[in-house]
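Just so you know, all these numbers are worked out from the coordinates, no wet-lab data involved. The structure displayed is predicted, hence computed values, not measured ones. Please note: Cβ atoms are built from the backbone with ideal geometry, for glycine as well, and neighbour counts cover all protein chains shown.
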Amino acid sequence: MEPEMLRTARLELSAPRGEDVDAIHAACQDAAIQRFTTVPSPYLPTDAESFVELAATWWAEGSQATWAIRLDRRLVGMIGLAHLPGGGPELGYWIAADVRGRGVATEAARAVIDWGFSPERPAVQRIEWRAVVGNVGSARVARSLGFRYEGLLRQAHCNSLGRADLWIGGLLRDDDPQPVSWPIDV
């Protein structure tokens, strides 16, 4: 599948490109991104180069849709839907430290969810969200988008820093996307 560009009121979401490598590398030096995602730690310039190449491969295969989040033409994060062929993809994102708390993740995620649930992708009936326990910012974004909290996956997250428990939530195609209460404090 060909990469698609998405636009919101403030953001442009487009496939990561070679000129993004330095910005990706810089953002991924953040300890929170290394703790809460599966990026390597330490995160090297070659990791950013490989990621851009992989994102292009994923688009071509149709296995994942990955977008660079751009605010005022500056890369400020990444967002994507992994595991597309199964019809129940997982939403994942990271946001650069200097723009967190400004609604960027929520705005980008709404666009990606709309893309995932569009009529062109009838097989997508559910989108999952997962976050390392303690990643309250990500949980607040998911809750605001209407994701329902579904439980705890013990030691399900594994990255170069070790294993951790994950929160999991789901959003169905015909769910009301309004926030609902969760049994955890976020």
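Roughly speaking, what is the stretch gain from residue 163 to residue 100, that is 0.36 nm per residue apart minus the C-alpha to C-alpha distance, in nm to one decimal?
Fully extending the segment from residue 163 to residue 100 adds 20.2 nm.
What trypsin sites (Lys or Arg not before Pro) in segment 1-55 are in a loop by DSSP, with at most 15 other Cβ atoms within 10 Å of the Cβ?
Listed in order of number, the matching sites are 10, 17.
Taking the beta-carbon count within 10 Å as an exposure proxy, list 83, 157, 25 from fewest neighbours to most.
Fewest-to-most ranking of 83, 157, 25: 83, 25, 157.
Going by how many other beta carbons lie within 10 Å of each one, how would you line up 94, 167, fewest first?
Ascending number of Cβ neighbours within 10 Å: 94, 167.
Around residue 122, under 14 Å between beta carbons, what's the net of Lys plus Arg minus Asp minus Glu among the other residues?
+1
Based on the Kirkwood radius over alpha-carbon pairs, what is the Stokes-Einstein translational diffusion coefficient of segment 107-186 at 4 °C with 1.567 mPa s viscosity, in µm²/s?
Estimated via Stokes-Einstein, D reaches 97 µm²/s.
What do the square roots of 5 times the Cα gyration tensor eigenvalues come to for the chain, in whole Å, largest first, as semi-axes of the equivalent ellipsoid?
Sorted largest first and rounded, they come to 23, 20, 16 Å.
Using a 10 angstrom cutoff on alpha carbons, build the Gaussian network for the chain and name the most mobile of 50, 138, 14.
50
What residue among 105, 31, 142 shows peak mean-square fluctuation when the chain is described by a Gaussian network model with Cα springs under 10 Å?
Result for the chain, Cα springs under 10 Å: 31 fluctuates most.
Among 5, 78, what is the fewest-to-most ranking by other Cβ atoms within 10 Å?
In order of increasing Cβ crowding within 10 Å: 5, 78.
I want to check the label-to-label distance for residue 19 and residue 50. Put each point 7 Å from Cα in the C-beta direction and report it in nm to one decimal.
Computed distance between label sites residue 19 and residue 50 equals 2.6 nm.
Among the GluC sites (Glu not before Pro) within segment 21-129, which fall in a DSSP loop and have no more than 13 other Cβ atoms within 10 Å of their own Cβ?
Those that pass, being in a loop and sparsely packed, are 120.
Tell me which of 113, 89, 99 sits at the most positive position along the dipole axis of segment 28-183, charges placed on C-beta atoms (Lys, Arg +1; Asp, Glu -1).
Positive-end residue among those listed: 99.
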